[in-house]
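Worksheet for the structure shown next.
Nothing in this text is a laboratory measurement; each read-out follows from the coordinates by a stated rule. In this text, all values refer to a predicted model and were calculated from it rather than measured experimentally. Because the Cβ atoms are built from the backbone with ideal geometry, glycine has one as well, and the counts that use them run over all protein chains shown.
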Amino acid sequence: MAIDPKGWVWQEGDIKPWRWQEGDLTVTRTTPWTGPGCHNGCGLLVYTKGNEVIKVEGDPDHPFNQGVLCPRCLMLKKVVHHPERLKYPLKRLGKRGEDKWQRIGWDEAYDMVVENVRSVQEKYGPESIAALGGTGRNYTNQQAKLTFSGFGSPNAIGYMLSGVSCYAPKIVVTALTHGDLPAQDFSQGFVDRFHNPQWKCPECIIVWGSNPHFTNMELSRGDWLVQCMKRGSKLIVLDPRVTWLSAKAEIFLQLRPGTDAAIALAMLNVIINEGLYDHEFVENWTHGFDALKERVQKYLPGEVAKISWVPEEKIVGAARLFAKSKPAAIQWGNAIEQQRTGIPNCQAISQLWAITGNLEVPGGMILGQINTAETEHAFAYGSRWGIDDLSEEVLQKRAGWKDYPILKMGLLNMTQPDKLAEMIIEGKPYPIKMAWVQATNPLACTAQEPKKLLHAFKHNLDFIVVADLFMTPTAMIADLILPVCSALERKSFRFTWGIIDAVNPVIDKLWECKSDEEILLELGKRLNPQAFPWESVDDMLTERLKPFYMTMEEIREKGPLLYKFEYEKHKKGRLRKDRKPGFETPTGKVELYCTAFEQIGLDPLPYYEEPPDSPYSTPENFKEYPLIFTNGARSPVFFHSEHRQISEAREIHPNPVTEIHPDDANQFGINDGDWIWIENQRGKFKQVAKVTPGILSGVVHSEHGWWFPEKPGEEPCLFGTFEANPNNLIPFGHQGPSGFSSPTRTQICKVYKAEE
Ligand SMILES: Nc1nc2c(c(=O)[nH]1)N[C@H]1C(S)=C(S)[C@@H](COP(=O)(O)OP(=O)(O)OC[C@H]3O[C@@H](n4cnc5c(=O)[nH]c(N)nc54)[C@H](O)[C@@H]3O)O[C@H]1N2
Ligand SMILES: Nc1nc2c(c(=O)[nH]1)N[C@H]1C(S)=C(S)[C@@H](COP(=O)(O)OP(=O)(O)OC[C@H]3O[C@@H](n4cnc5c(=O)[nH]c(N)nc54)[C@H](O)[C@@H]3O)O[C@H]1N2
Ligand SMILES: [Mo]
């Protein structure tokens, strides 16, 4: 192990060069951040011949993935060289959605953007330009810069998922109560990983609404969890579906979707009332324990069993096993955020690790190196890059700013999606007139009730640009399409959770594609040259690396670098900006009672509330729609709406699948393999039924992100995207009181056989 004075650590000895020759193949070391999409940035060895990718392998020396790859990286060459990649800038001919295009050059494309930006700025003001983005990846901070400095608008990262219910609830809660987002300690702080003598294997891991060996959820990888299981970690799993992990769990809580907060509060009740918490940690390092103790009294395990449909003894057993295991960690997934109680869910679950003294200990939950490195958290949606170019007056026009004080706290520099949707659809409080759509596919994937958005896009917007790798249902209604490079054609860097690594250009750019970085710089220079002073993308990246005290050459040479890691940082003054012991929160402690929430009129303590649509909150409606509807569990071969055109992926996963219990299937006359409609008061969609005892009776689960590249693109078909889209059943406007989280996974529905 080597360490430099700046605090970066790397594997000493045989550092491989970034590129070498093996026979007639060239091997390049890189990381695929992005597209196609994913948040992780694993270490790759890409074998090429000329400008063609021959194969992709995992880099065994990379501390992040240690040679392990998921199916999507193994298919990477198919994505990169796919004949249906967007190849040239395209300008719309005919009506929106007619699928008639003219190939144009980049100069003309940039001119079109500049002309439309100027026109909207003059007629409506710069805030009427919204930049839409999807999940966090390399383009995120670039889009912030383009929107703030280039368009002059505060509306960046318009992530059209109600309540930003991915990652944002976790970021908000942990930023305000812990000072930063902790990860489960699977040894990722050390270059020698599981062999590092400081690390301990968690005795118990709760997997809460997550399926990590399919998803490699943002701060982790599924195979790390498996490594821990091999070393003895016991599992507790909370999921309405049987998963590979739940089948190996010590305790499996097969819950009714949306009741997570009730269970977490009941577990806190058991741990507190039975005195199983860490008295020393609670006394010295937490704020508000007595208030929490009082709050949890009403969440009796027996009562919560009725709400959650999980037997009482499992709730009590899970609380005891977790509290008595030292150390213990929690892998929390996206399911807990896609509920209206996403914020209290995150509070209650994080309090489980806090009061049991599992924070900042080996094998527990560890805070990142981000604060201490005094750099931005690259994964966080909406970076601050360029924000100083906005006046306070313009900033205050950001969608949701006046409604949701959390937006003003600077934790996330992004718009509130439900408010942005209102602006696009209803023009209130002011209209959106131009959409810059980069790395997102709202019609197929993110947007709720997407047909409304389609209508508004077509009729209310003056100009729509889509920057993507592929033609998508959303791109189909654009006025201008910009073809974007894949990760193997770009030069950039990746920084997530303490690892910094080079993204090397493995092959020359294909066709006339440009990287997101090039588009940012070239367009930025045309819009506001002062704010984009760099001569080249290299110059721009060098500037971006300054906070890391790194150069592109250094990163490329030394390979993946980790920021030096240590435990118990709160005792050493390494978590607070003033360098005092404690956590970077208003009270300096882990806030079980969130003082920031109190100040803005939100409940400072966690609570449970029924989902807006449920057997108990809308019993009348439940007679008509008698099943609980959850959705969105990931497939290992797709990333959201991506990879549907890759034949290997479709061979493994040809059609969208809805899981239903045999008892329910029987009752509604459905056989395994039938196409079925899933419907509620807002709409319907069609998927293939998988009749399985692996799902809780009374619950159905559908997949999201489906469209069919093999179907016609022109309207009304739009690659069949509305046929199979669960978002037809899910509303905008049901977000939580903080503006964050939404009841995406907690709807009700009925099912019946489709006619054909
Ligand atoms: N292969 C692949 N990997 C991905 C992605 C992808 O599209 N494909 N997407 C990435 C992104 S952006 C995200 S956010 C992550 C998500 O990653 P994860 O959170 O790990 O996984 P999900 O598959 O979204 O959901 C996990 C489980 O939640 C369960 N679930 C459904 N409703 C509830 C509920 O109410 N309560 C509880 N406790 N569980 C429930 C589902 O049955 C499912 O098994 O994955 C990331 N990784
Ligand atoms: N019903 C339901 N809906 C959901 C979910 C659910 O669980 N249920 N999950 C939600 C969640 S958590 C998320 S994060 C969203 C994800 O939503 P999105 O981020 O929109 O999903 P993707 O399909 O990954 O990406 C959209 C497009 O980005 C392009 N792309 C990928 N990488 C790049 C890049 O580097 N640059 C550029 N310019 N383009 C790129 C892809 O080709 C693709 O067409 O979906 C959400 N939608
Ligand atoms: Mo996500």
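Quick look at the numbers
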item: Among M550, Y563, T585 the positive-end extreme of the charge dipole of region 545-585 (Cβ point charges); result: T585
item: Cleavage-rule hits (GluC sites (Glu not before Pro)) in region 229-311: DSSP loop, at most 16 neighbouring Cβ within 10 angstrom; result: E250, E274
item: Length-normalised contact order for the chain - Cα pairs under 8 Å, 6+ apart - percent; result: 20
item: The chain - mean residue ellipticity at 222 nm from DSSP helices (-39,500 (n - 2.57) per run, n ≥ 4, rounded to 500); result: -7500 deg cm²/dmol
item: Inter-probe distance in nm under a simple model that places probes 7 Å from Cα toward Cβ, at T587 and E57; result: 5.4
item: Span from the region 304-322 Cα centroid across to the region 79-124 one, whole angstrom; result: 55
item: Pair Q599, N666: separation of 7 Å Cα→Cβ label points (nm); result: 5.8
item: Using alpha carbons only: equivalent-ellipsoid semi-axes of region 620-756, gyration tensor based, whole Å; result: 23, 20, 15
item: Surface/4 of the Cα convex hull for region 646-694, nm²; result: 4.3
item: Rel. contact order, % - alpha carbon contacts under 8 angstrom, at least six apart, region 554-661; result: 8
item: DSSP bridge pairs, the chain: antiparallel proportion in percent, nearest 5; result: 60
item: Sparse-neighbourhood loop sites, chymotrypsin sites (Phe, Trp or Tyr not before Pro) in region 588-670 - DSSP loop, at most 11 other Cβ within 10 angstrom; result: Y616
item: ³J(HN,Hα) computed for each position of region 627-633 - Karplus, 6.51 cos²θ - 1.76 cosθ + 1.60, integer Hz, glycine/proline x; result: 10, 7, 10, 10, 6, x, 4
item: Over region 161-314, relative contact order from alpha-carbon pairs under 8 Å, at least 6 apart, %; result: 16
item: Distance cut-off 13 Å, percentage of C-alpha pairs in region 625-669 lying past it; result: 64
item: Region 152-291 - convex hull of alpha carbons, volume per residue in Å³; result: 188
item: For region 262-359, convex hull volume per residue from C-alpha positions, Å³; result: 97
item: Calculated FRET value between K623 and H81, using beta carbons and R₀ = 51 Å, to 0.05; result: 0.45
item: Radius, Kirkwood style, for region 409-473 when every pair of distinct Cα atoms is counted (Å); result: 12.7
item: Tail weight of P(r) past 15 Å, computed on alpha-carbon pairs of region 510-555, percent; result: 50
item: Rounded to whole Hz, the Karplus (6.51, -1.76, 1.60) HN-Hα couplings of region 683-697, x for glycine and proline; result: x, 8, 7, 10, 9, 8, 6, 10, 7, 8, x, x, 10, 4, 4
item: Rounded D (µm²/s) - region 583-647, Kirkwood Rh over Cα pairs, Stokes-Einstein at 10 °C, 1.306 mPa s; result: 95
item: Hits among aspartates and glutamates - C-alpha to C-alpha of K324 under 13 Å, sequence gap 8 or more where chains match; result: E203, E274, D278
item: For region 1-135, average projected area of the Cα convex hull in nm²; result: 13.6
item: Computed Rg/Rh of the chain, alpha carbon atoms with Kirkwood Rh; result: 0.94
item: Listed pairs K49/K491; K55/K711; K95/K452; K170/K230; K91/K419; K49/K558 exceeding 22 Å between Cα atoms; result: K55/K711; K170/K230; K91/K419; K49/K558
item: Summed side-chain charge close to A262 - residues other than A262 whose Cβ falls under 11 Å, Lys, Arg +1, Asp, Glu -1; result: -1
item: Loop sites in region 18-122: GluC sites (Glu not before Pro), DSSP, at most 16 other Cβ within 10 Å; result: E84, E98
item: Cut-off under 5 Å, modelled amide H: who pairs with W706 long-range; result: none
item: Part-to-part distance (alpha-carbon centres) for region 476-537 and region 148-211, which is given in Å; result: 25
item: Cα gyration tensor, region 455-557 - rounded (a/c under 1.5), prolate or oblate; result: prolate
item: Reciprocal mean inverse distance between Cα atoms of region 524-604 - Kirkwood radius, Å; result: 16.9
